[in-house]
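Trainee: Pasting in a structure now, in structure tokens, and then I'll have a few things to ask.
No value in this document is a laboratory result; all are computed from the given coordinates. Source: prediction; values computed, not measured. Cβ coordinates were reconstructed from backbone atoms using ideal geometry, including for glycine residues, and neighbour counts include every protein chain displayed.
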Amino acid sequence: DVKVTQSSRYLVKRTGEKVFLECVQDMDHENMFWYRQDPGLGLRLIYFSYDVKMKEKGDIPEGYSVSREKKERFSLILESASTNQTSMYLCATYRGLSYTDTQYFGPGTRLTVL
Amino acid sequence: GQQVMQIPQYQHVQEGEDFTTYCNSSTTLSNIQWYKQRPGGHPVFLIQLVKSGEVKKQKRLTFQFGEAKKNSSLHITATQTTDVGTYFCADSGGYQKVTFGTGTKLQVIP
């Protein structure tokens, strides 16, 4: 079974702080994703990575950056947290070699920015 | 860019009633995947449809892919409290990217 873990389930930070969210997968998947989930807006893609050190902007990258130094680890960075970044953050992996492949999600991190 | 919308956004049903969520894309869908997210949980893959007009069933759940591959639906017969959650459709056409719909949150009243 694919295992995707995220560093924290709940996180509370203050406006202006630098925030790191980490995601680790154990299935050697090439592709990793960061989404944020807000009521009524579904899952919105922030960034994704299709290989080590490679990254692509998703639909809402502003205010975020990412790092993928190792294949199994994908970090989301909020350089200066703001209250409108309060959200649920979900990491996912995706093998992407076949049209039958599916995404596997981590448990999520609920971030509150005060 | 591609937009994948789902309706309704929220639905409350009495236990035993049927439920349907509709997924509509602004562009032709390559393949459609459906995920379920239980309250407090993360999305979990349910099924994938590939062919135009395809219909698949999983017990009380029926999934349909439109003839023009621009829409899909999920129908639950005789809902149970275990069906509570948010249902997402997703276009899995890109080998590197999956585009998710806006989701439908289902509440089942016992």
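Trainee: Of a type outside the set (Phe, Trp, Tyr), facing chain B (nearest Cβ under 9 Å) and closer than 20 Å to A:Asn84 by Cα: does that describe A:Leu43?
Mentor: So A:Leu43 fits the description; yes.
Trainee: Taking segment B:72-99, which residues are within 20 Å of B:Gly41 (Cβ to Cβ) and surrounded by 23 or more Cβ atoms within 10 Å (Cβ to Cβ)?
Mentor: Passing the criteria: B:Leu74, B:Thr86, B:Tyr87, B:Phe88, B:Cys89, B:Ala90, B:Val98.
Trainee: So, in segment A:41-61, exactly how many residues are among the hydrophobic types (A, V, I, L, M, F, W, C) and free of Cβ contacts under 8 Å to residues at least 12 places away in the same chain?
Mentor: 1
Trainee: Just the residues that are more than 14 Å from every other protein chain (Cβ to nearest Cβ) and surrounded by fewer than 19 Cβ atoms within 10 Å (Cβ to Cβ), please, taken from segment A:59-74.
Mentor: Result: A:Glu62, A:Gly63, A:Ser65, A:Ser67, A:Glu69, A:Lys70, A:Lys71, A:Glu72, A:Arg73.
Trainee: From the list B:Lys56, B:Lys69, which residue is free of Cβ contacts under 8 Å to residues at least 24 places away in the same chain, surrounded by 13 or more Cβ atoms within 10 Å (Cβ to Cβ) and not acidic (Asp, Glu)?
Mentor: B:Lys56
Trainee: OK, next. Take the residues in segment A:62-74 that are in contact (Cβ under 8 Å) with a residue 24 or more places away in the chain and assigned to a strand (DSSP E or B), then tell me which one is farthest from B:Phe88 (Cα to Cα).
Mentor: A:Arg68
Trainee: Something else about it: I need the full set of residues from segment B:21-53 which are surrounded by fewer than 16 Cβ atoms within 10 Å (Cβ to Cβ) and touching a residue at least 24 places away in the same chain (Cβ under 8 Å), in order please.
Mentor: Of everything in segment B:21-53, those that are surrounded by fewer than 16 Cβ atoms within 10 Å (Cβ to Cβ) and touching a residue at least 24 places away in the same chain (Cβ under 8 Å) turn out to be B:Ser26, B:Thr27, B:Thr28, B:Ser30, B:Arg38, B:Pro39, B:Gly41.
Trainee: Counting just the residues of segment A:20-40 that are touching a residue at least 24 places away in the same chain (Cβ under 8 Å) and surrounded by fewer than 20 Cβ atoms within 10 Å (Cβ to Cβ), which one comes out farthest from the other protein chains (Cβ to nearest Cβ)?
Mentor: Checking each candidate, the answer is A:Phe20.
Trainee: Go over the candidates A:Glu56, A:Glu17 one by one and state the one that is outside any strand (DSSP E or B) and either among the acidic types (Asp, Glu) or over 18 Å from B:Phe100 (Cβ atoms) (or both).
Mentor: Just one listed residue meets the conditions, A:Glu17.
Trainee: For segment B:75-86, state whether one or more residues are charged (D, E, K, R) and free of Cβ contacts under 8 Å to residues at least 24 places away in the same chain.
Mentor: no
Trainee: Having 1 or more residues that are of a type in the set (Phe, Trp, Tyr) and more than 13 Å from chain A (Cβ to nearest Cβ) is the bar; report the strands (runs of 3 or more DSSP E) wholly within segment B:1-72 that clear it.
Mentor: Hits in segment B:1-72: B:19-25, B:61-65.
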